[in-house]
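Undergrad: Sending over a structure as structure tokens; questions will come in a sec.
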Amino acid sequence: MKTRLLIVLPVVIVLGACSYTSPRYSINADTNVALKSLGATNIGVGPFAGPSSFSKTCRGLRPLEPPDGQTHTEYLRKALEDELKVAGAYGASNPRIVLSGTVNKLEFSSIRGLTGGSWDIDLTLRSSNGRRLTTAEHYEFDSGLTADTACRQTADAYMHAVQNLIKKIVQMPDFKVMVQ
């Protein structure tokens, strides 16, 4: 019995310490085109505040984590910054406009129906020019039947939910006013 415990315990510790990691953010072509069409430049990205509550544990197994030691809020902030950089609209030093944000809601489900999942993100974005906008994304995806598969799919889907949210933001008429 002691031998079995000595074999099983390290396996449980190693598996318990692992997390499901989202992929690094990837630029969205539609967002890039929308940002370029605005003609805005020298936009900075300030701090983002996280939601008041967020449980990142998936099905009681392991946590969902963004890559590179980021929080989910930092991931979202950096995604906006990356989109601005690739579109040529980012200003690292002495930006003309600074966008900051508050993630009002961040939730996921790896059990929607039997094999579906969803992410819900609600973000308020503020501009240093006094303008603000709030928008939300409800992103549904196929998660899978088993817990391990569903949690991996949920972690992967975070990037797509963030892409959709940022695309939605930059295509809103209010966003143009925020960056002018």
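Undergrad: Could you tell me which of the residues Gly101, Gly130, Gly117, Gly144 is more than 18 Å from Ala49 (Cα to Cα), of a type outside the set (A, V, I, L, M) and at pLDDT 95 or above?
TA: The conditions single out Gly117.
Undergrad: Look at segment 101-123 and say how many of its residues are closer than 15 Å to Lys168 by Cβ and acidic (Asp, Glu).
TA: 2
Undergrad: Okay, next question. Are any residues in segment 16-48 small (Gly, Ala, Ser) and either within 22 Å of Lys167 (Cβ to Cβ) or touching a Phe, Trp or Tyr at 6+ places or on another chain (Cβ under 7 Å) (or both), and if so, which ones?
TA: Selection gives Ser22, Ser26, Ala29, Ala34, Ser37, Gly39, Ala40, Gly44, Gly46.
Undergrad: For residues in segment 151-180 being over 13 Å from the mean Cα position of the chain (by Cα) and aliphatic (A, V, I, L, M), which is nearest to Asp122 (Cα to Cα)?
TA: Ile169
Undergrad: Can I ask one more? Show the residue pairs that are 6+ apart or on different chains and have beta-carbon atoms under 6 Å apart, the first residue being within segment 106-121 and farther than 7 Å from Ser143 by Cβ, the second being modelled with pLDDT of 90 or more and assigned to a loop (DSSP other than H, G, I, E, B).
TA: Leu106/Pro51; Leu106/Phe54
Undergrad: Go over the candidates Arg126, Arg96 one by one and state the one that is loosely packed, with under 15 Cβ neighbours inside 10 Å and of a type in the set (D, E, K, R).
TA: Details: Arg126 fails: loosely packed, with under 15 Cβ neighbours inside 10 Å.
Answer to the check: Arg96.
Undergrad: One residue is enough: does segment 162-178 have a residue meeting the conditions in contact with a Cys (Cβ under 9 Å, 6 or more places away or on another chain), closer than 28 Å to Thr57 by Cβ and of a type outside the set (Ser, Thr, Tyr)?
TA: no
Undergrad: With segment 46-155 as the region, which strands (runs of 3 or more DSSP E) entirely inside it contain at least 1 residues that are closer than 25 Å to Thr31 by Cβ, touching a Pro at 6+ places or on another chain (Cβ under 6 Å) and of a type outside the set (Val, Ile, Thr)?
TA: Values: elements: 62-65, 97-112, 116-127, 132-142.
Answer list for segment 46-155: 97-112.
Undergrad: If you scan segment 34-78, which residues turn out to be touching a Ser or Thr at 6+ places or on another chain (Cβ under 6 Å) and acidic (Asp, Glu)?
TA: Listed by number, the list holds a single entry, Glu65.
Undergrad: Is it the case that some residue within segment 88-95 is within 11 Å of the chain's Cα centre (by Cα) and under 29 Å from Ser37 (Cβ atoms)?
TA: No, that holds for no residue.
Undergrad: While we're here: Restricting to segment 156-169, and then to whatever is out of contact with any Leu (no Cβ under 9 Å at 6 or more places or on another chain) and either hydrophobic (A, V, I, L, M, F, W, C) or in a loop (DSSP other than H, G, I, E, B) (or both), can you tell me which residue is surrounded by the fewest Cβ atoms within 10 Å (Cβ to Cβ)?
TA: Going through the qualifying residues, I end up with Met159.
Undergrad: Right, next: Tally up the residues in segment 110-123 that are touching a Phe, Trp or Tyr at 6+ places or on another chain (Cβ under 9 Å) and either among the acidic types (Asp, Glu) or surrounded by 17 or more Cβ atoms within 10 Å (Cβ to Cβ) (or both), please.
TA: Result for segment 110-123: 6.
The values are calculated or read from the model by the stated rules, or taken from the named source; none is laboratory data. Bear in mind the structure is a predicted one, so any value in this text is a computation, not a measurement. Glycine also receives a Cβ, built like all others from the backbone with ideal geometry; neighbour counts cover every protein chain displayed.
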